[in-house]
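Structure, as structure tokens:
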Amino acid sequence: MQNLLINNNFSLLGGGFAAVRNDIVWKNTVGDDLSDIRPCTSKWPVMVPLFAYHRLYLVTEGSAVLKLTDNTSLILEKNKLYLIPPFLIQSVENTQSISHFYLHFRSNSRSADPFKYYRLINPVETNDSDADIFRFLLANYMVHNIKSELNAQGAFSLLLSRFFDENAVESPAIKKFSPVLEYIENNIDKKITVKQLADVLGYNEAYFSVLFSRQFKVTPLKYISEKKMLLARQRLALSNMSVKEISDELGFENEFYFNTVFRKAIGIAPGKWRKQYFRQHSGEPPEPFL
């Protein structure tokens, strides 16, 4: 699984510097000079929740409290760097004043969250160079030539590396089940059975299911279903693929069955979810905000 992270192809979707005062937002997508910037029409509590990609936040002033979808809270504090997974922020609980660099990115592999099973230092205390690296990234990521793109990717990799130390390793569960998780990643477009997963480790189905459930707190089939639903929402939010095309890509028997599974897991049909997502984020195909 380590190669999945190191060799992952990430797309940088957008970034900038933002200042929030009483939920009113000023932002600059190429640097941290806000002297000639007009406030955004949308307020921060509308702009932040439930985006479909990863976010890096580097807080330079102030603080904020975000409510997460697992019913916990995340406190954003000055001089800390945060890595936030897709769909994690549910709402803004409290914000008086906060200024921060931000970057939105996505994984282009079939792994919706390639960081999930690593032991990360998150958040991490910033050092003197982090803000300069962010400025360098913002100055390069939207310039479309090979040198600027390599500069942006290099700066991005430096920021990501801050969440790991030299002894960072996968958790014991990942080491043991790494071949199984890779099998799921490589076959997410197919119907995967428990027997197929058990065969990867040479176990019988019952014994494998007990071990897997004990380690991941969900059954193997539930794990696969949750992964497919996360990928489905990302495709709905970040691509022009039709519901049928997403259904086919994720290995469902037909579009009707995909709709049924999605509705049961998420609460509404995928087409309605997409419209709701676009409506929440200015009524247009989603572009990064904050």
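Rule-based calculations on the coordinates, nothing more; no lab input. All of these numbers come straight from a predicted model, not from anything done at the bench. All Cβ positions, glycine included, derive from the backbone under ideal geometry; neighbour counts span all protein chains shown.
A few remarks follow.
- Nearest-ten-degree value, helix 172-186 long axis tilted from longest Cα axis of the chain: 80 degrees
- On the beta carbon distance between Lys175 and Asn108, with R0 = 35 Å, the FRET formula returns roughly 0.90.
- Amide H contacts of Val25 (H built 1.01 Å from N, under 5 Å, at least 5 apart or other chain): Cys40, Trp44
- Calculated from backbone phi, Karplus (6.51, -1.76, 1.60) coupling profile of the stretch 204-209 in Hz, x at Gly/Pro: 7, 4, 5, 5, 4, 4
- Net +/- balance of residues flanking Leu58 in space, Cβ distance below 12 Å, scoring K and R +1, D and E -1: -1
- Sorted peptide list for 77-83, 21-27, criterion being average Cβ within 10 angstrom, highest first: 77-83, 21-27
- Asn28 paired with Asp199, simple spin-label distance in nm, labels 7 Å along Cα-to-beta-carbon: 5.9 nm
- Between Arg21 and Asp248, residue separation times 0.36 nm minus the direct Cα-Cα distance comes to 77.2 nm.
- In terms of packing, defined here as the mean over residues of other Cβ atoms within 10 angstrom, the peptides 150-161, 35-46 line up highest first as 150-161, 35-46.
- Amide H contacts of Gly31 (H built 1.01 Å from N, under 5 Å, at least 5 apart or other chain): Phe17
- Contour excess over end-to-end distance, with Cα ends at Phe278 and Ala265 and 0.36 nm allotted per residue: 2.7 nm
- Arg38/Ser91 FRET efficiency (R0 41 Å; Cβ-Cβ; nearest 0.05): 0.95
- Label-point gap, in nm, between Lys78 and Asp189 - each point 7 angstrom along Cα→Cβ: 5.1 nm
- Karplus 3J(HN,Hα) series, Hz, for the stretch 76-92 with 6.51 cos²θ - 1.76 cosθ + 1.60 (x for Gly, Pro): 8, 10, 4, 6, 10, 10, 10, 10, 10, x, x, 6, 8, 7, 8, 6, 9
- Global geometry of the stretch 172-280, whether rounded, prolate or oblate, following the gyration tensor of its Cα atoms and the 1.5 cut on a/c: prolate
- Simple spin-label estimate for Ser161 and Glu149 gives 2.2 nm between the two label positions (7 Å along the Cα-to-Cβ direction from each Cα).
- For Phe164, the residues 5 or more places off, or on other chains, whose built amide H falls under 5 Å of its own are Ile121.
- Net charge contributed by nearby residues that have their C-beta within less than 14 Å of Arg214 (K/R +1, D/E -1): +3
- For the chain, a crude dipole built from +1 on the beta carbon of Lys and Arg and -1 on the beta carbon of Asp and Glu, taken about the Cα centre, is about 980 debye to the nearest 20.
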